[in-house]
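*Asks:* Would you mind keeping the following structure in view while I ask a few things?
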Amino acid sequence: MTRPAERPTRTRLIEAAAELIAEEGYERVGILAVARRAGLTNGAIYGNFRDKAHLLAAAIEMRLHRVFDAVQRSQRERTPPLDVIHFIARSMALDTPEADRRLVVEAYSAAWRDPEIGALVRERLQRIETVITGLGEQARVEGELAPGIDPATLARYGLAVALGYHLIHAAGAPDPDRESWVRLVDRVLSCLRSDAAGGADGAAEAATP
């Protein structure tokens, strides 16, 4: 197991910042506290990040790595693009760790108050939208995506649902029944498939013993 001192300085700082922001909120976390949590000096932070805003942006990017990992894995395994979108839609809402939920909510709150943070957060979200839009465009080329579905709008819709889920959760509302949520996501995403793709899927399921 890698000990803290053996991890790269930048990684230690990002992880410390993510933990503290999730625990105490962005406004309450200072550079000194992040350095202490990471077991480093203030100089280590300024040697890797311009300011706290860029440290927050890096923490968000690290926590959203599962989206990019899913796409890279699908490319290696040649997974149908709509299946990858299906995975992202379910995992971003249901399988995001509690600390990551709080980090995302804090990032949005800080982005509303600070234009610089807002620009950094938008940049990270646009990367995710670009990835999902690309999957949608691939699905359209391959005949999977139903006519009339715009890949960019699909990407924005998916992010709005996933991130809205985190906001509601942060307000203390109880999560819905997981199985019911999964069934709903499955039904919504099944409507995105073209008639030809849906028919092929249905035929394959019927042929499965």
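The values are calculated or read from the model by the stated rules, or taken from the named source; none is laboratory data. On a predicted model such as this, the values are computed, not experimentally measured, just so you know. Positions of Cβ are backbone-derived with ideal geometry, glycine not excepted, and every protein chain shown enters the neighbour counts.
*Asks:* Which of (1) among the small types (G, A, S); (2) closer than 23 Å to E24 by Cβ; (3) free of Cβ contacts under 8 Å to residues at least 60 places away in the same chain is the odd one out, the single condition A110 does not satisfy?
*Replies:* (3)
*Asks:* Determine if the range 86-100 includes at least one residue that is basic (K, R), crowded, with 18+ Cβ neighbours inside 10 Å, part of a helix (DSSP H, G or I) and under 13 Å from the mean Cα position of the chain (by Cα).
*Replies:* Within the range 86-100, none of the residues are basic (K, R), crowded, with 18+ Cβ neighbours inside 10 Å, part of a helix (DSSP H, G or I) and under 13 Å from the mean Cα position of the chain (by Cα).
*Asks:* Count, please, the residues in the range 52-78 that happen to be without any contact (Cβ under 8 Å) to a residue 12 or more places away in the chain and in a loop (DSSP other than H, G, I, E, B).
*Replies:* So the count comes out to 1.
*Asks:* Can you work out which of the residues in the range 113-123 that are touching a residue at least 60 places away in the same chain (Cβ under 8 Å) and either surrounded by fewer than 16 Cβ atoms within 10 Å (Cβ to Cβ) or not in a helix (DSSP H, G or I) (or both) is nearest to the chain's Cα centre (by Cα)?
*Replies:* E123
*Asks:* Quickly run through the range 161-198 and pick out the residues that are in a loop (DSSP other than H, G, I, E, B) and of a type in the set (D, E, K, R).
*Replies:* Passing the criteria: D175, D177.
*Asks:* Only one of D69, D114, D83 is outside the structural domain of D51 (by TED's automatic domain parsing) and more than 28 Å from S194 (Cβ to Cβ); which?
*Replies:* When all the criteria are applied, what remains is D114.
*Asks:* Then there's this: Please state which of the following conditions I132 fails to meet, knowing it meets all the rest: (1) over 14 Å from L189 (Cα atoms); (2) crowded, with 22+ Cβ neighbours inside 10 Å; (3) modelled with pLDDT of 85 or more.
*Replies:* Every listed condition holds for I132 apart from (1).
*Asks:* Return the residues of the range 9-40 that are more than 19 Å from T96 (Cβ to Cβ) and among the small types (G, A, S); say none if nothing qualifies.
*Replies:* Within the range 9-40, A16, G30, A33, A35, A38, G39 qualify.
*Asks:* So, one more: Given (1) within 30 Å of H169 (Cα to Cα); (2) in a helix (DSSP H, G or I), where does E27 come up short, assuming only one miss?
*Replies:* (2)
*Asks:* Next question. Is it true that P8 is modelled with pLDDT of 80 or more, of a type outside the set (K, R) and exposed (fewer than 12 other Cβ atoms within 10 Å of the Cβ)?
*Replies:* For P8, the condition - modelled with pLDDT of 80 or more, of a type outside the set (K, R) and exposed (fewer than 12 other Cβ atoms within 10 Å of the Cβ) - is met.
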